[in-house]
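*Asks:* Got a structure here, written out as structure tokens. Questions coming.
Rule-based calculations on the coordinates, nothing more; no lab input. Here the structure is a predicted model, which means the values were calculated and not measured. Ideal geometry is used to build each Cβ from the backbone, glycine not excepted, and the neighbour counts take in all protein chains shown.
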Amino acid sequence: MIPLILSAMFAVHVGPVDPGTPSRAPQLAATSSTVALALGAGKAIYFSASHDGGKSFAAPARVAEVGVLPLSRHRGPRVALSGNAIVITAVAGNRPDEGPHAHGLPSDGNLYAWRSVDGGKTWSRGKPINDVPGSATEGLHALASDGKRTLFAAWLDKRGADGTKLYAARSTDNGASWSPDILVYRSPDGSICECCHPSVAIDSAGRLLVMWRNSLGGARDMYLASSRDGVTFSTPEKLGNGTWQLNACPMDGGGLAVSPTKILTAWRRDGRVFLAEPGQPECQVGACKDVALALNGKRIYAAWSDGAKLQAWNDGKLEALSSAGAFPSLCALPSGGALAAWEEDGAIQILRLP
């Protein structure tokens, strides 16, 4: 049996939490005192905390078990720290979709939020965020916090018969309650990109930011919108100068990060990875897919999959993270640097980047 926690030099090995059930979809969030890790395994959502800047993590504790928990292709739980609360969100359902393209998705998927105010020892029952039951069946969503009282979630929504749309909701009481759903964007062509996860952030001015892959005029390009009140969103802005004419969904949504002075996006177009600030030309930094992004002050961190390998891009320097990893996620640390987490051999690997 593989131990739950195994520290080696600068790496931490978490899981599998249950023998024979792979740990998947890691996500990180950090404050000055805590690094939170959320992951999925089978039908269960787990939480683990680090109080030494990611050098070690407690054995994962079960948050909830559900009927159907999508964990593939950037699906799975998200975690945020807000005030004295830890909030985990995930799309879950009771009945599996039995259609030819279900891929382990629920036919009755909702976006739920679980909340802990005692450091992860106990958790509230999951409460749905989406107002229309069964509208979040695609399983793709994002969560962000301002670290104070505000949380922001966005998800792909299939309510109605007119294609996939982007919806969002906001909490201003550390996740105790959520606003009514807000339609952020509906493509005039009928649907946004159906299987690419959105990304969200809250900047230093309190603006809510959301990025998604659109489907417009035969192109699958990335767009960004913002809101100051969580109700009205700006006209969507296309990111980068190039375009990707594609009659398919690449199932790859990219990353969004903010610092006090910068908004930065990362995304894939064809087989290349780009960085772009809103309104600026894109800059190619690598190849392949599944890019994650973090900002710490002026320092930029990115990670992506290159075949079976994982690459880390640290302010222009490219280094190998793993020869057998997948689906990286990144988190900036208040003390400096960043943490990377990814799936590898049924477990979660975590590494601090300088």
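*Asks:* Can you work out D for the range 227-349 in µm² s⁻¹ from Stokes-Einstein, where Rh is the Kirkwood radius over C-alpha pairs, the temperature is 37 °C and the viscosity is 0.692 mPa s?
*Replies:* 214
*Asks:* Calculate the spin-label point distance for D162 paired with K121, positioning each point 7 Å from the Cα along the beta-carbon direction, and give it in nanometres.
*Replies:* 5.0
*Asks:* How much space per residue, in cubic angstrom, does the convex hull of the C-alpha atoms of the range 5-353 take up?
*Replies:* That works out to 124 Å³ per residue.
*Asks:* Charges only on Cβ, +1 for Lys and Arg, -1 for Asp and Glu: so what's the dipole of the range 218-283 about the Cα centre, in debye to the nearest 20?
*Replies:* With only Lys, Arg, Asp and Glu charged at Cβ, the dipole is about 60 debye.
*Asks:* In the range 205-222, whose amide N lies under 15 Å from the spot 7 Å out along Cα-to-Cβ of R228? List them in ranges.
*Replies:* 205-209
*Asks:* Any idea how far the Cα center of the range 205-256 sits from the one of the range 76-101, in Å?
*Replies:* 22
*Asks:* List the pair-distance distribution P(r) of the range 135-231, using every Cα-Cα distance, as the percent of pairs falling in each 5 Å bin from 0 up to the bin containing the longest distance, rounded to whole percents.
*Replies:* 3, 14, 26, 24, 17, 10, 5, 1, 0
*Asks:* Filter the cross-link list K158/K289; K55/K121; K238/K262 down to pairs whose alpha-carbon distance in this structure exceeds 23 Å.
*Replies:* K158/K289
*Asks:* For L246 and A324, what does the FRET efficiency come to when R0 = 30 Å and r is the distance between their Cβ atoms, rounded to the nearest 0.05?
*Replies:* 0.55
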